[in-house]
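Some notes on the structure that comes next.
The values are calculated or read from the model by the stated rules, or taken from the named source; none is laboratory data. Not measured: the values here are computed from a predicted model. As a convention, Cβ positions derive from the backbone with ideal geometry for all residues, glycine included, and neighbour counts pool all protein chains shown. Side chains included, ligands, DNA and RNA excluded: accessible areas come from the protein's heavy atoms. Shrake-Rupley method; radii C 1.70, N 1.55, O 1.52, S 1.80 Å.
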Amino acid sequence: MALTPDRVLRGLPGVTVTEAPVSGRNHSFAVYRRVGTSPVRVLITPGAAGNSSTINTVLVYVEAPSATAFQRQALVEVARGFFQACAPQMAVQAAPLWTELTRTSWAAARGWQNRVLGSVRVGWSGPEGLTVAGTEASGLSVEWPGDSGRCVF
């Protein structure tokens, strides 16, 4: 069963979609993910390899050069939820990394960090690791093989 990004995001627990795709923005969706009692704004851009309509990557980020603990948790939960919905058969490969990404400060290492887990690549930004529209941001990406997802544009 094919899923759209909007449907995936609206199905994630604790997530409220506030912006859907509009041309001219640097992100496709904006959501609020509740962490504790605080809503955290997360921007999301799904992508596909080549000219495919099948989604095989997602970038989630916050508009801050260094993510707080709440922001890291929101980023991880949104990325993990999106990935699990779009590529459930691949989700087990990245499972060992989610807790580590939530609990560890990303500020310790500068630049973009990558970890390959089987055929899944997870990346996250320390300071100076991600720039969006000329502004330093803090983010997380997940990429999986293009032929294995069930989400489409």
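For the options L75, L97, L59, a Gaussian network treatment of the chain with springs between C-alpha atoms closer than 10 Å singles out L97 as fluctuating the most. For the chain, the solvent-accessible area with a 1.4 angstrom probe is 47 square angstrom per residue. Shape of region 48-153 from its Cα gyration tensor (a ≥ b ≥ c, root eigenvalues): rounded if a/c is under 1.5, otherwise prolate when a/b > b/c, or oblate? Because a/c hits 1.5 or more and a/b exceeds b/c, region 48-153 counts as prolate. Of the GluC sites (Glu not before Pro) found in region 54-153, those that fall in a DSSP loop while having at most 14 other beta-carbon atoms within 10 Å are E128. Heavy-atom surface analysis with a 1.4 Å probe gives region 1-145 a carbon and sulfur content of 50 percent of its accessible area. Among the trypsin sites (Lys or Arg not before Pro) within region 72-143, those in coil by DSSP and having at most 12 neighbouring Cβ atoms inside 10 Å are R110.
Whole-Hz Karplus values for region 34-39 come out as 6, 10, x, 9, 9, x Hz, taken residue by residue from phi with 6.51 cos²θ - 1.76 cosθ + 1.60 and θ = phi - 60°; glycine and proline positions read x.
Working note: Karplus 6.51/-1.76/1.60 with θ = phi - 60° gives region 142-150 the couplings 9, 10, 9, x, x, 8, 10, x, 10 Hz, where Gly and Pro are set to x.
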